1. Tell me which label goes with the value of Cα Rg over 2.2 N^0.38 Å computed from the coordinates here: (i) 1.19; (ii) 1.10; (iii) 1.28.
2. To test your reading of the geometry: what angle, between 0 and 90 degrees and rounded to tens, separates the Cα axis of helix 7-28 from the longest principal axis of the chain?
3. Under a Cβ-only charge scheme (Lys and Arg +1, Asp and Glu -1), can you give me the dipole magnitude of the chain about the Cα centre, in debye to the nearest 20?
4. Measure nothing fancy, just the Cα-based angle from helix 36-53's long axis to the longest principal axis of the chain, in degrees from 0 to 90, nearest 10.
5. To the nearest 20 Debye, how big is the dipole of region 1-62 about its Cα centre, given +1 on the beta carbon of each Lys and Arg and -1 on that of each Asp and Glu?
6. Explain nothing, just the number: relative contact order of the chain, from Cα pairs under 8 Å at least 6 residues apart, as a whole percent.
7. Per residue, what accessible area does the chain have, given a 1.4 Å probe and all protein chains present, in Å²?
8. In µm²/s, what is D for region 34-73 at 20 °C and 1.002 mPa s, where D = kT/(6 pi eta Rh) by Stokes-Einstein and Rh is the Kirkwood radius from Cα pairs?
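The values are calculated or read from the model by the stated rules, or taken from the named source; none is laboratory data. Owing to the predicted nature of the structure, the values given are computational and were not obtained by experimental measurement. Because the Cβ atoms are built from the backbone with ideal geometry, glycine has one as well, and the counts that use them run over all protein chains shown. Please note that ligands, DNA and RNA were not included when accessible areas were found on the heavy atoms of the full protein model with its side chains. Shrake-Rupley method; radii C 1.70, N 1.55, O 1.52, S 1.80 Å.
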Amino acid sequence: MSTHISATTQAAWETYTRTVEEVRDEVLSHDFCKDARIRAQALYFLQMNQASAFSLYIAPRPAYPHLYIHSVFMPFEITTGQACPDFLYRWTFLDGTRTYRLWGQRGNTRWTDIQAQSGFWGDETMRNLGNYQFDDLVYDTQGRYEITLSAMPQPGNWIRLDPASRNNMLLI
């Protein structure tokens with residue numbers, strides 16, 4: 001063990017690598033994996049889930065949110081979220097104790113929806129905070145909009161965040 005890594009971090013890493021190997025062994029020991037094509041698909045599935053886990057649980061920075069395009073919902077490469085290839089998904093994670101501003105200009109998209117959730121897949125306390133339609137937003141004369149995202153109600157376009165959760169998820 002490196003002297004620069006805490007015992008807690010080292011234990012977490014060992015648990016992660018042990019769990020990945022246990023899941024890999026379990027998947028590859030299934031009778032279906034006797035077929036080389038199925039075995040290749042199973043290995044792809046395992047790596048796809050590791051990429052999704054990183055993108056969803058490690059990479060996001062709620063202090064500096066970014067509206068990611070796909071990276072989890074890629075209809076051909078990463079299908080864990082069962083994404084529809086007819087949509088362009090954007091998502092981010094937000095800290096419910098902070099206030100954020102989302103702005104832009106309406107384009108020609110026929111339908112845009114924002115889903116706000118407290119928590120995320122696998123969280124025991126995950127719950128929907130609301131769905132917001134872009135058709136219901138207030139725009140200026142040039143079609144520009146601004147949305148405030150916070151725990152406390154705000155004038156104008158507002159999306160509610162859960163202040164008890166540092167893991168609010170926004171899916172557009």
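1. (iii)
2. For helix 7-28, the angle is close to 70 degrees.
3. Numbers: 15 positive and 18 negative charges, 89 e Å.
That gives the chain a dipole magnitude of about 420 debye.
4. 50
5. Computed about the Cα centre, the dipole is about 240 debye.
6. Numbers: 256 pairs, mean separation 33.9, N = 172.
Averaging sequence separation for qualifying contacts and normalising by length gives 20 percent for the chain.
7. On the way: 11650 Å² over 172 residues.
I get 68 Å² per residue for this part.
8. Values: Rh = 11.8 Å.
It comes out at roughly 181 µm²/s.
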